[in-house]
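Notes for the one structure printed next.
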Number of protein chains: 2
Amino acid sequence: MDIMGQTDIASFFTNPDDRFMEEALKEALKAHDLGEVPVGAVIVHEGRIIARAHNQVEMLNDATAHAEIIALTQASAALENWRLIDTTLYVTKEPCPMCAGAMVNARVSRLVYGVADTKYGAAGSVFDVADNPCLNHRIAVVGGVKEDRSRELLQSFFMKLRNKI
Amino acid sequence: MDIMGQTDIASFFTNPDDRFMEEALKEALKAHDLGEVPVGAVIVHEGRIIARAHNQVEMLNDATAHAEIIALTQASAALENWRLIDTTLYVTKEPCPMCAGAMVNARVSRLVYGVADTKYGAAGSVFDVADNPCLNHRIAVVGGVKEDRSRELLQSFFMKLRNKI
């Protein structure tokens, strides 16, 4: 299976969300190749990537080491501010409650994700932490960008895992 | 105001939850004295504290640096395992969605908190992330332990902050 596929050259130049999600997918592929659940994230500020990370739970032996959490810490260092105003976080899978909560805490402006997570998703699927009128900050959410490729990576990973057991 | 108060010697010997919450309160006091929102946490495994941390958002300039997240990372290092089976996390304030989500991800067994957080709490107040039948792990939750002292620390901090502005 050609997981990364061919970059759509037309969309590369015309659609920033597709372009940045390609970068998040590259991070997810790194996680896949390292035996981590393949999720990747990048954070963009003023059209520039200021953070890129992939899931490192197994390598760091730390359940908090999701791609989004690592990227948020990187972005805060880059901007020298824990308030990540005017940033967009791209992640290949809908964030879990931990990661969506972290984005709200960090005042991320916009979240773009690939495939929805019907088991743990906290940007609308199971909880709505990301854009909730009860909280002091709401994030604009767009889902389904490069959804098929994001899903294929996860399916490929879990298929391999099942074959090992 | 005597924020830390006198340790109740009788309860010190009789009630582990009170005793460990005293340790979390010591961490919260450190945060208070450093100008951080005063929240402290400890994690206990087999009757022993394996992690202790306080909120460090301002010092580390990182919105993910809540007491609980730092303590979870420490505990994973101590046990050399991201699955924190048979652990209890004590925290002076009800955790936010990020922290409650992180505890679920880390398979923390039990959560004991001090004061409820009616604005952001994710162990029952606004969301129920900690003990939710939709998720793959549920945490046994006890609230209200050393509640008054936990609240007093927060009130003292925000009163000082308002007087500064």
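The values are calculated or read from the model by the stated rules, or taken from the named source; none is laboratory data. Just so you know, these numbers come straight off a predicted model, no measurement behind them. Backbone-built Cβ (ideal geometry, glycine too); neighbour counts: all protein chains shown. Areas reflect the complete protein model, heavy atoms only, side chains present, ligands, DNA and RNA absent. Shrake-Rupley method; radii C 1.70, N 1.55, O 1.52, S 1.80 Å.
State yes or no: is residue A:163 closer than 22 Å to residue A:36 by Cα, free of Cβ contacts under 8 Å to residues at least 12 places away in the same chain and open to solvent by 20 Å² or more (accessible area, probe 1.4 Å)?
Against the criterion (closer than 22 Å to residue A:36 by Cα, free of Cβ contacts under 8 Å to residues at least 12 places away in the same chain and open to solvent by 20 Å² or more (accessible area, probe 1.4 Å)), residue A:163 qualifies.
Checked against (1) free of Cβ contacts under 8 Å to residues at least 60 places away in the same chain; (2) farther than 20 Å from residue A:69 by Cβ; (3) of a type outside the set (Lys, Arg), residue A:145 passes all but a single condition, namely (1). Being open to solvent by less than 10 Å² (accessible area, probe 1.4 Å), in contact (Cβ under 8 Å) with a residue 40 or more places away in the chain and more than 24 Å from residue A:137 (Cα to Cα) is the requirement here; does residue B:53 meet it? Taking the combined requirement at face value, the residue does not satisfy it.
Is the stretch B:135-146 home to any residue that is within 11 Å of chain A (Cβ to nearest Cβ), modelled with pLDDT under 95 and over 20 Å from residue B:22 (Cβ atoms)? So that I can check it myself, show each step before the final result.
To start, the set of residues in the stretch B:135-146 that are within 11 Å of chain A (Cβ to nearest Cβ) comprises B:135-137.
Then keep just the ones that are modelled with pLDDT under 95; that gives B:135-136.
So of that shortlist, the ones also over 20 Å from residue B:22 (Cβ atoms) come out as B:135-136.
Yes, the stretch B:135-146 has at least one match.
Restricting attention to the stretch A:123-155, report how many residues are touching a helix residue (DSSP H, G or I) at 6+ places or on another chain (Cβ under 6 Å) and exposed (fewer than 15 other Cβ atoms within 10 Å of the Cβ). Within the stretch A:123-155, residues that are touching a helix residue (DSSP H, G or I) at 6+ places or on another chain (Cβ under 6 Å) and exposed (fewer than 15 other Cβ atoms within 10 Å of the Cβ) number 0.
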